[in-house]
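J.: The structure that follows is given in the form of structure tokens.
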Amino acid sequence: MPDHATPDINVAANLAAVRQSIAAAAKSAGRCAADVTLVAISKIHGEDRILPALEAGHRIFGENRVQEAAAKWPALKQRYPDIELHLVGPLQTNKVKQALELFDVIETLDRPKLARALAKEMARRQQPIPCYIQINTGEEPQKAGVMPGEAGDFIALCRDEMALTIAGLMCIPPIDEEPALHFALLAEIAKRHGIENLSMGMSADYETAVELGASHVRIGTSIFGERKA
Ligand SMILES: *Cc1c(COP(=O)(O)O)cnc(C)c1O
């Protein structure tokens, strides 16, 4: 193989390996592997990588851009009607309508304006879907998410005033910090507010996330290989 060629990626084998690691991490934490949902993050990748995952029986995927998802997923959803698609990237209010036509779960609810737009559009469609609130656990200025200190007020706004279904919390820890601290903080905020699900853990740190209670891990690279933007 010439050295500029893409190395062969065996998506089905990668999926199986990731599932095994999740099961091992769950077991070592005294948890049941069935309580951890694998969200396969397929951003940047095309059908050549996504179809093998579907053929292997996987149905839960995540994308971070509405536009890209709109180009890739409607055809796949027709072929595989039981696909569950999660939005894991920032959502602009002017894309809410399109997002709700495509996605089954919004993981990145992070501001009142977006909460209002989602509530209004879900009411219009008479089709509410679960939302996760993204928490900026590292309080990074450039990163999306609600600051931990403001989580309580925002959760109350979403639930009580907007009547949104807050199914979980989500975080993306700072790249240069110990992720365990951030996962533990997310778990604590969820517990304090009686929120069930925790979307946390990516390719580099999902075992730690599972040990700290993740209900959903979002894994791209370990399944689909490196992304070439
Ligand atoms: C890309 C992405 C992931 C997956 O990251 P990997 O390191 O490739 O596993 C998870 N969550 C979000 C929000 C992402 O944007």
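J.: Give me a count of the residues in region 160-188 that are closer than 21 Å to residue 220 by Cβ and β-branched (Val, Ile, Thr).
T.: Summing the residues that are closer than 21 Å to residue 220 by Cβ and β-branched (Val, Ile, Thr) in region 160-188 gives 2.
J.: Another question, then. Name the pairs: first residue in region 154-171 and touching a residue at least 12 places away in the same chain (Cβ under 8 Å), second residue in a strand (DSSP E or B) and more than 16 Å from the ligand (Cβ to nearest atom), Cβ to Cβ under 7 Å, at least 6 apart or on different chains?
T.: Within 7 Å, the pairs are 155/166; 158/166.
J.: Name the residue, out of 106, 50, that is among the β-branched types (Val, Ile, Thr), in contact with a Leu (Cβ under 9 Å, 6 or more places away or on another chain), within 16 Å of the ligand (Cβ to nearest atom) and more than 29 Å from residue 178 (Cβ to Cβ).
T.: Exactly one residue qualifies, and that residue is 50.
J.: Answer with yes or no whether residue 198 is more than 15 Å from the ligand (Cβ to nearest atom) and not basic (Lys, Arg).
T.: Against the criterion (more than 15 Å from the ligand (Cβ to nearest atom) and not basic (Lys, Arg)), residue 198 does not qualify.
J.: Another question, then. Considering 113, 77, which residue is in a helix (DSSP H, G or I), within 18 Å of residue 40 (Cβ to Cβ) and not β-branched (Val, Ile, Thr)?
T.: None of the other options fit; the residue is 77.
J.: So which of 180, 163, 156, 187 is farther than 23 Å from residue 207 by Cβ and assigned to a helix (DSSP H, G or I)?
T.: Sole residue among the options that is farther than 23 Å from residue 207 by Cβ and assigned to a helix (DSSP H, G or I): 156.
J.: Moving on to the next point. Within region 155-166, restricting attention to residues that are surrounded by 19 or more Cβ atoms within 10 Å (Cβ to Cβ) and among the β-branched types (Val, Ile, Thr), which residue is farthest from the ligand (Cβ to nearest atom)?
T.: The extreme case among them is 155.
J.: Which residue is surrounded by the most Cβ atoms within 10 Å (Cβ to Cβ), if the candidates are limited to region 92-145 and must be among the acidic types (Asp, Glu), closer than 20 Å to residue 163 by Cα and under 20 Å from the mean Cα position of the chain (by Cα)?
T.: Among those residues, the one meeting the criterion is 107.
J.: Considering only residues of region 205-224 that are in a helix (DSSP H, G or I) and surrounded by fewer than 22 Cβ atoms within 10 Å (Cβ to Cβ), which is farthest from the ligand (Cβ to nearest atom)?
T.: For region 205-224, the residue satisfying everything is 211.
J.: Now for a different question. Given the conditions (1) part of a loop (DSSP other than H, G, I, E, B); (2) of a type in the set (Asp, Glu); (3) closer than 18 Å to residue 172 by Cβ, report the number of the one that residue 82 does not fulfil.
T.: (3)
J.: Ok, one more. In region 35-47, what residues are under 26 Å from residue 73 (Cβ atoms) and either free of Cβ contacts under 8 Å to residues at least 24 places away in the same chain or out of contact with any His (no Cβ under 9 Å at 6 or more places or on another chain) (or both)?
T.: 42, 43, 44, 45, 46, 47
J.: Can you find a residue in region 131-144 that is touching a His at 6+ places or on another chain (Cβ under 6 Å) and modelled with pLDDT of 95 or more?
T.: yes
J.: Considering only residues of region 167-181 that are more than 13 Å from the ligand (Cβ to nearest atom) and not hydrophobic (A, V, I, L, M, F, W, C), which is surrounded by the most Cβ atoms within 10 Å (Cβ to Cβ)?
T.: This residue is 168.
The values are calculated or read from the model by the stated rules, or taken from the named source; none is laboratory data. Bear in mind the structure is a predicted one, so any value in this text is a computation, not a measurement. In this analysis, Cβ positions are derived from the backbone assuming ideal geometry, glycine residues included, and neighbour counts consider all displayed protein chains.
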